[in-house]
Amino acid sequence: MSFPEIIPARRTEDIKYAVRDVVVLAQEVAAAGMQMCYLNIGDPNLFDFETPPHIIDAVHRAMKENRNGYAPSSGTKGAVASINRQAASQGIESLQHTFVTTGASEAIDLALTALVNPGENVLTPSPVYPLYTAILSKLDAVNNPYYLDEKNNWEPDIADIASKIDDKTRALILLNPNNPTGTVYSKETLQAAIDLATQHNLVIFSDEIYDKLLLDDLPYTSIASMTDEVPIVTFNGMSKAYLAPGFRIGWGIVSGPGAIVGEYCEAIQKLERARLSANHPEQYAIPAALDGDHSYLNPVLEKLRRRRSLTVERLNAIDGISCVKPQAAFYAFPRIDLGVEDEAFVQKLVRETGTVCVHGSGFGQRPGTQHFRVVFLAPEDTLNRAFDGIEAVAKSYQ
């Protein structure tokens, strides 16, 4: 007797993660002997960036002190206290619940799972980091995309957001600074988002994991610091500014009126308890990182600014390619005007040059436009080789 083929759950059919999906093609090309240049994943440690020693030392001490069992489900006292201190320093009041998770990804997953029922929808930016749409698909919830305005430095299109809200809309997601565009949202845009959330009883999810990787002298505002009347969940973590993506440590902060968010916080805590805890010894890196020496960021930002400038200059010099200057993080989201679909462009780029970028449709984009995402973490010589390849492929369409 043989078993019939196992049919996977329907909820997995629409789950895509373009950032890693493109690696399947890259592996085929690499196996044929092509020299590869990976500009698809935002992992600083793959390049010339290293986790600061004082952060590593904190984890080593915790391990030697046998902090290797389960942690409290919401996080260690020291980690939670450190996160709350930083939130207070940013002006975030009415903190109701702080929870430490396996990367910011799990914080986002828990917060969405505790809020959204099947058939309800969540407003997500387009383009967006694809984790959000994958989680919504898993929850049998509806992805309700709104557009970022490329002509307005990729700021959210507030009018478009307003037009997409209906009686099943539960939340508005903001990525600030944004991935994949590198935009830092203005205070006026954030206030408009607060006004919409107030009018329509929406929870705001604010992903702020790049908030310390600001490449221009711009004011930065955490949206939760602007109101204590709207329920907001703020996400952050160790992966980007603290150069420790492999630690898989992130967190979420629920703020707003206790009478409004109390039951929601308890729902999040039920999910926390069900999965036991996040990594324990790595949580001791949080106070070291948040309360410790941040001088290591100066050379990090210096390198990123140089590589950002090179990226924008090289891309904008290519006929048929244009790029809005990113203000933060380490991504650019250039536009393709060559009469070719972005996925076909990226596939040709990988096959013919070994340069691995991610097609813009993997993040979402306004209909009729084509883009791709470039990660500019690599050293300048590597970036120049990649841009030579992009230029050659672009010329092949002219």
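The values are calculated or read from the model by the stated rules, or taken from the named source; none is laboratory data. Model, not experiment: these values are computed from the prediction. Cβ coordinates were reconstructed from backbone atoms using ideal geometry, including for glycine residues, and neighbour counts include every protein chain displayed.
Would you point out the residue of the stretch 361-375, among those that are at pLDDT 95 or above and under 18 Å from Ala26 (Cα atoms), that is farthest from the chain's Cα centre (by Cα)?
Phe372
Between a residue in the stretch 151-165 that is farther than 18 Å from Tyr331 by Cα and any residue that is acidic (Asp, Glu) and surrounded by fewer than 17 Cβ atoms within 10 Å (Cβ to Cβ), which pairs come within a Cβ distance under 6 Å, given they are 6 or more apart or on different chains?
Partner pairs satisfying both residue conditions: Asp157/Asp149.
Being closer than 30 Å to Glu380 by Cβ and assigned to a helix (DSSP H, G or I): is that true of Val300 here?
So Val300 passes the test.
Quick check on the stretch 42-57. Is at least one of its residues touching a strand residue (DSSP E or B) at 6+ places or on another chain (Cβ under 6 Å) and surrounded by 15 or more Cβ atoms within 10 Å (Cβ to Cβ)?
Yes, the conditions are met somewhere in the stretch 42-57.
Looking only at residues that are polar (S, T, N, Q) and loosely packed, with under 15 Cβ neighbours inside 10 Å in the stretch 297-321, which one is nearest to Lys395 (Cα to Cα)?
Going residue by residue through the stretch 297-321, those that are polar (S, T, N, Q) are 298, 309, 311, 316.
Subset that is loosely packed, with under 15 Cβ neighbours inside 10 Å: 298, 309, 316.
Values: Asn298: 38, Ser309: 22, Asn316: 14 Å.
Going through the qualifying residues, I end up with Asn316.
Does Thr221 fit the bill of being touching a residue at least 40 places away in the same chain (Cβ under 8 Å), among the β-branched types (Val, Ile, Thr) and either part of a helix (DSSP H, G or I) or over 26 Å from Pro53 (Cβ atoms) (or both)?
Criteria not met by Thr221.
Give me the pairs, please: first residue somewhere in the stretch 275-292 and over 11 Å from Tyr242 (Cβ atoms) and in contact (Cβ under 8 Å) with a residue 40 or more places away in the chain, second residue anywhere and among the hydrophobic types (A, V, I, L, M, F, W, C) and surrounded by fewer than 19 Cβ atoms within 10 Å (Cβ to Cβ), beta-carbon distance under 8 Å, and either six or more positions apart or on two chains.
Filtered contacts from the stretch 275-292: Pro281/Met63; Pro287/Ala81.
Take Asp157 and decide whether it is under 30 Å from Arg10 (Cα atoms) and not basic (Lys, Arg).
No, not satisfied.
Given the criterion in contact with a Phe, Trp or Tyr (Cβ under 8 Å, 6 or more places away or on another chain) and part of a strand (DSSP E or B), identify the matching residue among Val346, Val374, Val340, Val393. Talk me through it step by step, then tell me what you get.
On the way: Val346 fails: part of a strand (DSSP E or B); Val340 fails: part of a strand (DSSP E or B); Val393 fails: part of a strand (DSSP E or B).
Step by step, each of Val346, Val374, Val340, Val393 is checked, and only Val374 is in contact with a Phe, Trp or Tyr (Cβ under 8 Å, 6 or more places away or on another chain) and part of a strand (DSSP E or B).
Given the conditions (1) more than 27 Å from Arg307 (Cα to Cα); (2) in a loop (DSSP other than H, G, I, E, B); (3) among the aliphatic types (A, V, I, L, M), report the number of the one that Ala192 does not fulfil.
Only one criterion in (1) more than 27 Å from Arg307 (Cα to Cα); (2) in a loop (DSSP other than H, G, I, E, B); (3) among the aliphatic types (A, V, I, L, M) is unmet by Ala192, namely (2).
For the stretch 246-281: of the residues being assigned to a helix (DSSP H, G or I) and of a type in the set (D, E, K, R), which is farthest from Leu115 (Cα to Cα)?
Keep residues of the stretch 246-281 that are assigned to a helix (DSSP H, G or I), which gives 246-247, 258-274, 281.
From what is left, the residues that are of a type in the set (D, E, K, R) are 263, 266, 270, 272-273.
Values: Glu263: 10, Glu266: 11, Lys270: 12, Glu272: 14, Arg273: 17 Å.
Result: Arg273.
Of the residues Gly75, Gly103, which is under 24 Å from Gly292 (Cα atoms), crowded, with 22+ Cβ neighbours inside 10 Å, touching a Gly at 6+ places or on another chain (Cβ under 8 Å) and not β-branched (Val, Ile, Thr)?
Gly103
Would you please name the residue that is modelled with the highest pLDDT, looking only at residues in the stretch 2-29 that are within 16 Å of Leu139 (Cβ to Cβ) and among the β-branched types (Val, Ile, Thr)?
Applying the filter and picking the extreme gives Thr12.
Return the residues of the stretch 228-240 that are more than 15 Å from Leu175 (Cα to Cα) and buried (at least 21 other Cβ atoms within 10 Å of the Cβ); say none if nothing qualifies.
Across the stretch 228-240, the qualifying residues are Val230, Pro231, Met238, Ser239.
Just to verify a result, which residue in the stretch 78-92, among those that are of a type in the set (A, V, I, L, M) and part of a helix (DSSP H, G or I), is surrounded by the fewest Cβ atoms within 10 Å (Cβ to Cβ)?
Ala88
Could you check the stretch 340-357 and list, in sequence order, the residues that are under 25 Å from the mean Cα position of the chain (by Cα), over 16 Å from Val375 (Cβ atoms) and touching a residue at least 40 places away in the same chain (Cβ under 8 Å)?
Within the stretch 340-357, Phe345, Gln347 qualify.
Looking at the stretch 57-77, which of its residues are part of a helix (DSSP H, G or I) and within 10 Å of Pro281 (Cβ to Cβ)?
Ala58, Val59, His60, Arg61, Ala62, Met63, Lys64
Taking the stretch 237-273 on its own, how many of its residues are within 12 Å of Leu95 (Cα to Cα) and aromatic (Phe, Trp, Tyr)?
Number of matching residues: 0.
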